[in-house]
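J.: Pasting a structure below so you can have a look.
The values are calculated or read from the model by the stated rules, or taken from the named source; none is laboratory data. Quick caveat, the model's predicted, so the values are computed rather than measured. Backbone-built Cβ (ideal geometry, glycine too); neighbour counts: all protein chains shown. Remember, those area values only see protein heavy atoms, side chains included, never the ligands or the DNA or RNA. Shrake-Rupley method; radii C 1.70, N 1.55, O 1.52, S 1.80 Å.
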Amino acid sequence: MDWIIISLYWWFFLFLLGIIFYPLTKIIFLNFFDFAYPFAKILALIFISYTIYVLSTLKILSFSRFNIVLVIFCFFILNLYFLIKIKNNKSKKQKNIWHLFVIIVEEFLFITAFFFWVFVRSQEPSIRSLEKFMDFGFINSILRSTYFPPLDMWYSADDINPSGYPINYYYFGHLSAATLIKLSGINSAIGYNLVLATIFALGITLVFSLVFNLIFFSNKLVSEKIKNGIFLGRVFFISLLASIVTNLGGNFHTIYLFTKGYPHDNPIPFWQILSFCNTLFPKICEKIGVQLIPYWYPDATRFIHNTIHEFPSYSYVVADLHGHVFDIPFVLLNLLILFRLFLIFNNSLKNKNNWFLIVSNMIFVGFMIAINYMTNAFDGPVYFLLAIILSFFIFKISAKFVYSVFFIIYSFLFFSLPFSFYFKPFVGGVGVNCAPSFLVKIGSLKPFLFEKGNCQNSPFWMLFLLWGFFWISFILFLFLRNKNNFFNEENKFSSSISKFILILFSFGTFLVIIPEFFYIKDIYPAHFRANTMFKLGYQAFIIMSIASMIVFYKISNINIFKIKIILNIVFTVMLFFVLIYPFFAIPSYYGDLRKKPEIDGSVWLKDFYPQDKEIIDFLNKNVSGQPVILEAQGDSYTDYERISAFTGLPTVAGWWVHQWLWRGSADVVGKRIPDIVEIYEGKDIEKTKEILKKYRIKYVIVSSLERQKYPNLNEEKFSIIGKKIFESSNKLGALYQVY
């Protein structure tokens with residue numbers, strides 16, 4: 001039961017942070033029915049993490065538990081002021097018992113979602129495979145940092161930069177995770193899995209609150225009913241369903257559950273391979289030799305050849321704490337802020353002339369775009385563009401629109417400065433997909449690239465399988481938007497909500513279409529548009545999931561019975577294919593969920609590399625700061641660099657492809673590899689000393705992967721140029737401190 005106690009302890013910190021920041025949240029979202037209570041936790045995490053980030057970057061405060069508590073205390077005083085201000089401004093709305101009831105439901109939903117995903121993750125908690133080493137390494141490097149920027153754990157100091165190289169990737173999400181881990185004092189290998197469950201629980205509750213308030217503002221009569229406790233059941237149901245679709249839903253690819261499958265590199269349209277034999281009579285089919293190909297859940301995210309079209313449900317299952325996962329709650333907060341912005345200015349001519357209100361809101365939007373950018377770089381431009389579109393709908397072509405854009409850009413640049421000052425973008429330009437031959441001859445017109453052979457088109461039927469649920473919902477929305485005779489006065493949408501949903505659908509569809517014409521240039525030749533489709537499609541999924549559930553709500557309010565039944569059947573069938581995805585994805589990765597719960601992500605090391613587990617534990621217990629270690633260099637997505645990932649201590653060179661992407665050249669690792677080989681295999685002691693000095697190496701690891709990578713390992717010399725300070729109990733792993 002230790003996992004339950006640890007999880008409760010972690011939840012207590014989250015709950016406390018939410019309570020502390022609730023007054024600020026209530027001030028910002030005063031007109032929202034639940035005062036956006038679930039967003040208090042994410043506001044707290046953002047403001048605390050960003051404040052300590054800036055102060056540590058300026059070398060004013062070190063990144064320590066004491067200083068994090070100090071920052072929280074300062075925000076507590078500020079929120080205390082807001083609380084007094086709220087109490088001095090009493091209103092009937094604040095006394096309504098239904099507000100409190102909804103808030104209690106939302107906290108209960110958070111606890112339920114949090115413990116659900118902690119339990120799921122406890123069935124396979126290993127921080128191993130895919131990109132977990134990278135994400136965990138970032139977190140551990142940040143945890144070891146005294147001041148920022150944090151050091152890259154896979155690219156150590158050298159003669160050019162003796163103080164070390166900062167992480168050249170978007171890492172604000174990892175920093176927020178490190179802030180929670182340091183505040184709680186929980187081991188980072190456990191904290192990793194608790195952070196993932198926290199993001200899931202936030203995703204569930206933030207969508208619930210956002211959709212609840214979209215419905216609340218949809219109509220004045222509906223608002224009055226909700227205030228009086230009427231209609232809450234239906235609103236709860238739609239909001240919860242929206243949470244599930246956004247966070248656990250898949251796409252129409254699950255149609256392949258009812259087929260014989262398809263070749264991965266050359267998918268056959270599902271309507272050509274439907275196997276009713278396997279669907280209806282699987283045992284008979286097995287006897288007569290008709291094979292059933294089991295559904296493999298990653299295929300839903302790699303369906304279009306050479307691309308990635310991931311969505312949150314898949315991300316939660318595979319459990320990489322990548323930037324796009326960290327940004328889920330930040331993105332949802334940004335959507336709520338943009339919705340609030342749209343409500344304030346779209347409904348009131350008076351507000352449109354309030355310059356202070358315009359400037360303060362646009363600065364807040366710019367701040368959130370900076371947070372999105374620092375967490376997952378693609379998301380910055382995505383939500384900047386959405387903010388500009390919404391501002392245009394509010395202010396049209398006017399001076400206010402120009403000023404709005406200016407303040408968004410200015411505040412974005414200002415608030416992202418602590419990150420962008422040290423970050424060197426690794427985007428090579430904007431490629432044009434299937435560029436005509438005359439442009440290919442030109443080569444480039446900066447920032448546009450016209451590359452020969454880079455031509456990939458997505459068949460419409462494949463796009464429909466991935467996005468059909470949203471597109472059909474969009475069509476239904478357009479159909480119902482102008483059919484006011486289908487609804488009575490109580491069920492007609494306000495123009496603001498209708499416009500907002502229209503913008504969400506249109507913008508989401510736009511994001512899906514972009515990779516068919518353009519791509520952001522990176523280092524991957526065959527998968528040249530994969531990252532573009534991945535990052536844009538991820539946001540399109542979140543945005544259109546929310547919009548689609550508002551359509552479902554609108555369908556439930558149709559007065560004409562036959563049309564209501566038909567559309568409900570259509571929507572329910574679509575939901576069936578979307579919502580069955582997690583029932584296959586979760587068991588595929590985590591089994592039958594009957595294992596003894598374990599949330600320590602390092603336990604796998606005891607079975608596979610027990611000697612390395614002991615070395616990691618020794619370093620974490622006895623070594624402070626970030627001295628350079630040396631371990632075997634290996635390829636991306638392998639078990640190499642396990643010591644640096646699990647300690648946050650920088651090694652000379654880490655995963656090759658990742659460093660190639662982050663620093664723009666394969667040489668950054670390639671040129672260091674001979675030096676690493678020389679240290680492990682070379683016989684010239686003086687040359688070894690010279691290389692050790694060049695990279696400021698203090699500790700050398702000699703273990704199973706080092707012996708495997710370097711068959712001519714010369715271990716004896718490390719006792720000459722240093723001393724063995726640790727040896728594992730099985731004698732297979734050793735740690736040498738060099739002079």
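J.: Return the only residue of 592, 600, 612 being farther than 24 Å from residue 467 by Cα and without any contact (Cβ under 8 Å) to a residue 40 or more places away in the chain.
T.: Checking each option against the conditions leaves just 592.
J.: Hey, another quick one. Within the range 646-667, which residues are open to solvent by 10 Å² or more (accessible area, probe 1.4 Å) and among the β-branched types (Val, Ile, Thr)?
T.: 657
J.: Please determine, by comparing only the residues of the range 606-633 that are touching a helix residue (DSSP H, G or I) at 6+ places or on another chain (Cβ under 6 Å) and over 22 Å from residue 730 (Cβ atoms), which one is least open to solvent (accessible area, probe 1.4 Å).
T.: In this case the residue turns out to be 633.
J.: Can you name every residue in the range 634-645 that is open to solvent by 10 Å² or more (accessible area, probe 1.4 Å) and touching a helix residue (DSSP H, G or I) at 6+ places or on another chain (Cβ under 7 Å)?
T.: Across the range 634-645, the qualifying residues are 635, 636, 639, 640.
J.: Out of the range 703-720, which residues are in a loop (DSSP other than H, G, I, E, B), among the polar types (S, T, N, Q) and within 42 Å of the chain's Cα centre (by Cα)?
T.: 703
J.: Mind listing just one residue for me: the one in the range 26-64 that is of a type in the set (S, T, N, Q) and not in a loop (DSSP other than H, G, I, E, B) and, of those, farthest from residue 14 (Cα to Cα)?
T.: By that ranking, first place goes to 57.
J.: Please enumerate the residues belonging to the range 532-549 that are open to solvent by 10 Å² or more (accessible area, probe 1.4 Å) and more than 14 Å from the chain's Cα centre (by Cα).
T.: 533, the sole residue that qualifies.
J.: To continue, here is another question. Please state which one of 475, 389 is closer than 24 Å to residue 533 by Cα, within 31 Å of the chain's Cα centre (by Cα), at pLDDT 90 or above and open to solvent by 70 Å² or more (accessible area, probe 1.4 Å).
T.: Going through 475, 389 in turn, just one is closer than 24 Å to residue 533 by Cα, within 31 Å of the chain's Cα centre (by Cα), at pLDDT 90 or above and open to solvent by 70 Å² or more (accessible area, probe 1.4 Å): 475.
J.: Then there is this: Name the residues in the range 19-48 that are surrounded by fewer than 23 Cβ atoms within 10 Å (Cβ to Cβ) and either of a type outside the set (A, V, I, L, M) or free of Cβ contacts under 8 Å to residues at least 40 places away in the same chain (or both), would you?
T.: Matches in the range 19-48: 19, 23, 26, 29, 30, 31, 47.
J.: While we're here: Quick check on the range 32-42. Is at least one of its residues under 21 Å from residue 118 (Cα atoms) and among the acidic types (Asp, Glu)?
T.: no
J.: Show the residue pairs meeting these rules: Cβ distance below 7 Å; 6+ apart or different chains; first residue within the range 405-423 and in contact (Cβ under 8 Å) with a residue 24 or more places away in the chain; second residue of a type in the set (Lys, Arg).
T.: none
J.: State whether the residues of the range 310-332 include one that is open to solvent by 10 Å² or more (accessible area, probe 1.4 Å), over 24 Å from residue 39 (Cα atoms) and modelled with pLDDT under 95.
T.: no
J.: Oh, and also: Can you tell me which condition residue 589 does not meet? The list is (1) more than 28 Å from residue 148 (Cα to Cα); (2) aromatic (Phe, Trp, Tyr); (3) part of a loop (DSSP other than H, G, I, E, B), and all the others hold.
T.: (3)
J.: Does the range 147-187 hold any residues that are under 25 Å from residue 51 (Cβ atoms) and out of contact with any Ser or Thr (no Cβ under 9 Å at 6 or more places or on another chain), and which are they?
T.: Hits for the range 147-187 are 163, 166, 168, 169, 183, 184, 185, 186.
J.: Just to verify a result, which residue in the range 123-137, among those that are touching a Phe, Trp or Tyr at 6+ places or on another chain (Cβ under 7 Å) and over 15 Å from residue 637 (Cα atoms), is least open to solvent (accessible area, probe 1.4 Å)?
T.: 123
J.: Follow-up. Say whether the condition of being out of contact with any strand residue (DSSP E or B) (no Cβ under 8 Å at 6 or more places or on another chain), assigned to a helix (DSSP H, G or I) and either touching a residue at least 12 places away in the same chain (Cβ under 8 Å) or open to solvent by less than 80 Å² (accessible area, probe 1.4 Å) (or both) is met by at least one residue in the range 721-736.
T.: No, the range 721-736 contains no residue that is out of contact with any strand residue (DSSP E or B) (no Cβ under 8 Å at 6 or more places or on another chain), assigned to a helix (DSSP H, G or I) and either touching a residue at least 12 places away in the same chain (Cβ under 8 Å) or open to solvent by less than 80 Å² (accessible area, probe 1.4 Å) (or both).
J.: Now for a different question. Take the residues in the range 695-717 that are of a type in the set (A, V, I, L, M) and free of Cβ contacts under 8 Å to residues at least 60 places away in the same chain; name whichever of them is surrounded by the most Cβ atoms within 10 Å (Cβ to Cβ).
T.: The selected residue is 702.
J.: Consider residue 412 carefully, then state whether it is of a type in the set (A, V, I, L, M, F, W, C), open to solvent by less than 70 Å² (accessible area, probe 1.4 Å) and closer than 17 Å to residue 367 by Cβ.
T.: yes
J.: Filter the range 344-369 down to residues that are at pLDDT 90 or above and aliphatic (A, V, I, L, M), then give me how many there are.
T.: Matching residues across the range 344-369 total 5.
J.: Condition first: within 29 Å of the chain's Cα centre (by Cα), open to solvent by less than 30 Å² (accessible area, probe 1.4 Å) and under 30 Å from residue 366 (Cα atoms). Can you find one or more residues in the range 433-448 that meet it?
T.: No, the range 433-448 contains no residue that is within 29 Å of the chain's Cα centre (by Cα), open to solvent by less than 30 Å² (accessible area, probe 1.4 Å) and under 30 Å from residue 366 (Cα atoms).
J.: Of all residues in the range 659-694, which are outside any helix (DSSP H, G or I) and either free of Cβ contacts under 8 Å to residues at least 12 places away in the same chain or within 33 Å of the chain's Cα centre (by Cα) (or both)?
T.: 664, 665, 666, 671, 672, 684
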